[in-house]
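The structure appears below as structure tokens.
The values are calculated or read from the model by the stated rules, or taken from the named source; none is laboratory data. Note that the coordinates shown come from a computational prediction; the quantities given were computed from them, not determined experimentally. Neighbour counts are summed over all protein chains in view; Cβ atoms, including those assigned to glycine, are modelled from backbone coordinates with ideal geometry. To get the accessible areas, we keep the full protein, side chains included, count just its heavy atoms, and leave off ligands, DNA and RNA. Shrake-Rupley method; radii C 1.70, N 1.55, O 1.52, S 1.80 Å.
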Amino acid sequence: LDALQNWLVAQRSPIMRRFMETSTMIRDRLIMNPAFMRTLGIEIGVGLGATLVAQLQQRGDKFKEQLDFVCADLSIVIAANIALVTALSPAAPIAAPATAGIGAALAKLPAFVAQSGSYTPAQRFACGMLKGAQFAVL
């Protein structure tokens with residue numbers, strides 16, 4: 001029921017509706033976490049600000065000469081923050097779950113460690129390890 005309410009709230013905003021129509025990945029995360037886009041925006045903003053300040057301090061007088069490198073670094077920060085926040089955010093299980101193999105085992109795990117429901121401590125631990133592995137890959 002919460003997922004439906006989150007979906008209805010997201011549908012009220014034309015911008016969020018457009019994001020949800022464009023990407024199922026964003027839709028699934030907005031359904032589980034209505035603050036997903038705000039979190040993503042904050043993460044990108046803080047990352048860009050911190051990187052820009054570090055670039056200014058590091059490059060000093062050569063900042064303008066090395067602006068192409070600065071822009072490349074800022075682009076990497078944006079991409080990494082999007083990947084990190086998206087990978088670690090819970091997603092609504094819209095698609096049918098797998099019925100066999102590792103997909104079936106993963107389908108039984110919570111979307112995030114603190115998700116409410118009747119999950120065993122082992123399932124919560126496995127979810128934490130999986131999210132940790134995703135974080136390490138990024």
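Assorted remarks:
- The set of residues in the stretch 22-49 being outside any helix (DSSP H, G or I), under 12 Å from SER89 (Cα atoms) and not aliphatic (A, V, I, L, M) consists of ASN33, PRO34.
- Filter result for PHE69 (hydrophobic (A, V, I, L, M, F, W, C) and open to solvent by 80 Å² or more (accessible area, probe 1.4 Å)): yes
- Within the stretch 94-133, the residues that satisfy the criterion of being out of contact with any Asp or Glu (no Cβ under 8 Å at 6 or more places or on another chain), outside any helix (DSSP H, G or I) and either at pLDDT below 80 or on the phi > 0 side of the Ramachandran plot (or both) are ALA95, ALA96, PRO97, ALA98, THR99, ALA100, GLY117.
- Residues in the stretch 27-53 that are free of Cβ contacts under 8 Å to residues at least 60 places away in the same chain and among the β-branched types (Val, Ile, Thr) were compared, and the one that is farthest from ALA111 (Cα to Cα) is VAL53.
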